[in-house]
Ligand SMILES: Nc1ncnc2c1ncn2[C@@H]1O[C@H](COP(=O)(O)OP(=O)(O)O)[C@@H](O)[C@H]1O
Ligand SMILES: [Mg+2]
């Protein structure tokens, strides 16, 4: 089986005043060149999972796993230097809020070019051409102008498209998108997701889409993991979500309002009943 | 023991006393986990003890001259050596702790309340009162402290009292700024409006409700400033404008040892170590207090 | 200095800035600079009010404060009239402001020359020393702060923290004395007090007043080297204080930066740790760091008062302390005014630089 990513028993631990706390508790997943969604409420450990794949958990956080292989390479045994050659080039990550995740004092062009230059040597005009092409691919109409702008000079939606361009320009095999649209205006959310979806499909990459929004994830993913306080409570194909067995998932599903239904009161997620 | 601690750490204290004691206890516990702050607290406590018990700690008289014993290097009898008049430097340094402690205490007592009141009044009333008071404050703040103190001493005349006044004049503006900033955040809070609605006068609101809330940031700031105050006082003493002979003030002692620095290094060097250690102690303690009382600034040293 | 920490810390950019269009940038900058100029004018007026207050109001007898108690009756009367002490205080103040603005700071009783002339003569010596001091402080303090932040909690970090606090706890004059005893008397690595050895004195014709530059202009390497050995120690002592402050501030800025999301973004891209540190975390703090360096430079003027006394350095600090001991009030106030003005000036310049350099503030 040629899995792109194989994780067994991933744990992320933080020391706290009350002793070590596992914020991810033994997560396992197998990912091919497909789109996997991870959903769960805020604080359930989705981001920690995403970042531990890149080994970017800052100390004092600790990552352990029985296995974490990417394309057959054991990520946990790589040196920091080898890991750097994977980051960006093979596995990349779109971060949540372009207002904070883009460097405020570097031009957009420089930031995109850096992603490219970190992994390969290229001439000045090559870089420029590829950057412009990439910006066009994320549907930015006047890439020439945008290259010279600073992040605070563009809108959130545009910022996130820049982010996507920056993360996809080295053509990675796996893209992790951590709540890529939750900081954006509702009006541009769909467009940004379309762009990600389109590029991922076209290049045949793997995608891990992290979100708290079950609806969104089920629309753009093939398979879904539901997380809750650091654990996977449900794993199913997106199409079979309505048959989900776990009460927590059912709770999440029930709290999504549908246009074609009528009810007096929006149901509330039943936390105590859903405990595993 | 455990019950006392539980009582102190009770999340819903039943009396004001319990709340206050609990707070102090938590603070002390947090401080004791911070090694640098502990070192600082020990140094400051030592300073106070040495000042209190100077006659017992000193081995000689701080002013007793003995020309036969001039400029002796450190020895079993004279731990830090003797100065040009044969006085025992250790004993002078010990008595000097009293002067240093008095200076920092008086400056704090003079400058902190003035700054506190000016800042609170400016912040509470706003408008023109604020603009005028803060204008004055900013002008003082725009001057280097030492220079300001020097100029005031020049006008007032040399001497330890005038030095203290001059340093206090150079120090209060910093406190006014802090008190104003704190007041501005408290001023629009619900509970101040509630007290105002009950008809409390501005005076009562400021004294009973605003000033107490400014104290913790004030304590941090005063502690952090102590080192600067000690250095300024020592500087004035060194130039000859602060404490006058034969007072064993550390800066003045360094000044006298200056002529012998090349051959009898200990005369000027020893009091300097005292200044460094005590100032460092206040810095450590202030840093630690800030980490504990003002966690949002905890990491920024 | 602690207040400077706070204000400089506030200046640190962490979040995003508002959006603004190119066309408006220039105008906003101009308006900002004008605002600063007005503020400078007010602060300077306030500074004059303080020196006026110190000179005329605080002393029981301002005339005595100026002429000293040995002055003959006639001189006393002449100065009294000249100071306009018979007029109301506010008139006196405007008179004083007018005098200062026309460059008249009164006569010094100890040198017998106009204070303004004296100050112009001694200032370059201080400038030279403080400039070398700040160069040392920046060259060592910035890398130390960056390194400490990149190894937060390590032993090196702790040591750098303590060095930072030593900058607030060591008396400058004492460090100077100990330095003289060690590096001049014992090790003979550096020259002694003064700007230059006595037998070289007066050979170089002052052009800029900066001895290092003047000797180079005159092509006299021997004197240049001699001057260098003399300035090395006092400048190093000053450098220590600015190093301590700059390292401390740099460390704190860097810690803020390293927790920013865009630093993580850089790591996600696979950027090396060295570039993450210098290109992504350090570059955004360059602008606030300029403010810190400005504050530190201005602070060295203050430090030089003590250092110059110890090193018999013929600068403004030495001039001020000599005047203080001679109760030469005009000289004291003149020196205070100049130091205060330079202090304000440097602070405001770094304010303006901030506005001009930060892409988000434009
Ligand atoms: N430095 C830390 N120390 C302790 N706990 C942490 C730390 N950082 C994050 N956590 C905890 O990890 C949990 C998972 O966080 P995260 O993965 O960001 O959640 P989300 O699913 O919203 O992305 C949260 O409950 C958070 O409280
Ligand atoms: Mg998250």
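Just so you know, all these numbers are worked out from the coordinates, no wet-lab data involved. Fair warning: this is a prediction, and the values are worked out from it, not measured in the lab. Positions of Cβ are backbone-derived with ideal geometry, glycine not excepted, and every protein chain shown enters the neighbour counts.
What the table shows:
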item	result
Fraction of alpha-carbon pairs over 21 Å apart in the range B:1-82 - percent	59
Kirkwood hydrodynamic radius over Cα pairs of the range B:211-272, then Stokes diffusion coefficient at 10 °C and 1.306 mPa s, in µm²/s	122
Average partner coverage of B:232-239, which counts Cβ from other chains inside 10 Å	5
Structure-based [θ]222 nm, chain C - -39500 (n - 2.57) summed over DSSP H runs of at least 4, per residue, nearest 500	-23000 deg cm²/dmol
Over chain A: Kirkwood hydrodynamic radius from C-alpha pairwise inverse distances, Å	19.8
Cα principal axis extents for the protein assembly as shown, largest first, Å	107, 75, 63
Cα-only Debye scattering, the range B:176-253: base-10 log of I(q)/I(0) at q = 0.12, 0.16, 0.22, 0.26 Å⁻¹	-0.54, -0.67, -0.92, -1.09
Crossing angle, helix C:22-52 versus chain C [Cα axis fit, 0-90 degrees, rounded to tens]	40
Sum of -39500 (n - 2.57) over DSSP H runs of 4+, divided by residues of chain B (222 nm, nearest 500)	-24000 deg cm²/dmol
Evaluated over the range C:196-266, the Cα radius of gyration and Dmax, each in Å	20.5, 62
Largest to smallest principal axis extent of the C-alpha atoms in the range A:37-112, angstrom	40, 33, 27
Folded to 0 to 90 degrees: helix C:329-357 orientation relative to chain C principal axis, Cα	20
Relative contact order computed over chain A (Cα-Cα under 8 Å; 6+ residues apart), in percent	24
Global size of chain B as Cα Rg and Dmax, reported in angstrom	22.6, 76
Two-site label geometry, residue C:182 and residue C:259: point separation in nm, points 7 Å out along Cα→Cβ	3.6
Contour excess over end-to-end distance, with Cα ends at residue C:45 and residue C:87 and 0.36 nm allotted per residue	13.1 nm
Simple spin-label estimate for residue B:109 and residue C:197 in nanometres, 7 Å along Cα-Cβ	5.5
Cβ-derived FRET efficiency at R0 56 Å, residue B:273 paired with residue A:41, nearest 0.05	0.45
Label-zone membership for the range B:199-225, site residue B:129, 7 angstrom Cα→C-beta point, backbone N under 19 Å	B:199-215
In nm, spacing of pseudo-spin labels at residue B:259 and residue C:28 (7 Å Cα→C-beta vector)	6.3
Shape box of the range B:67-179 [Cα atoms, principal axes, largest first, Å]	68, 24, 18
Computed FRET value (nearest 0.05) for residue A:130 with residue A:194, which takes r as the C-beta separation and R₀ as 22 Å	0.50
Intensity falloff of the range A:1-158 expressed as log10 I(q)/I(0), Debye formula with alpha-carbon point scatterers, at q = 0.10, 0.11, 0.15 Å⁻¹	-0.48, -0.58, -0.98
Inter-chain Cβ neighbour average for residues C:267-280, partner chain, 10 Å	6
Equivalent ellipsoid, the range C:145-192 (semi-axes from 5 times Cα gyration tensor eigenvalues, Å)	30, 13, 7
Peptide C:255-265 - average C-beta neighbours from other chains (10 Å radius)	5
Where only C-alpha atoms are counted, convex hull volume of the range B:109-151 per residue in Å³	65
Two-decimal log10 I(q)/I(0) for chain C, as the Debye equation yields it once each C-alpha is a single scatterer, q = 0.08 Å⁻¹	-0.51
Model label zone, residue A:182; criterion: amide N under 14 Å from point 7 Å along Cα-to-beta-carbon; scope the range A:202-241	A:209-217, A:227-230
Principal-axis tilt of helix A:124-137 within chain A, Cα atoms, nearest 10 degrees	40
Within the protein assembly as shown, percent of DSSP bridges classed antiparallel, to nearest 5	60
Taking only Cα atoms of the range B:159-301, radius of gyration then Dmax in Å	20.6, 72
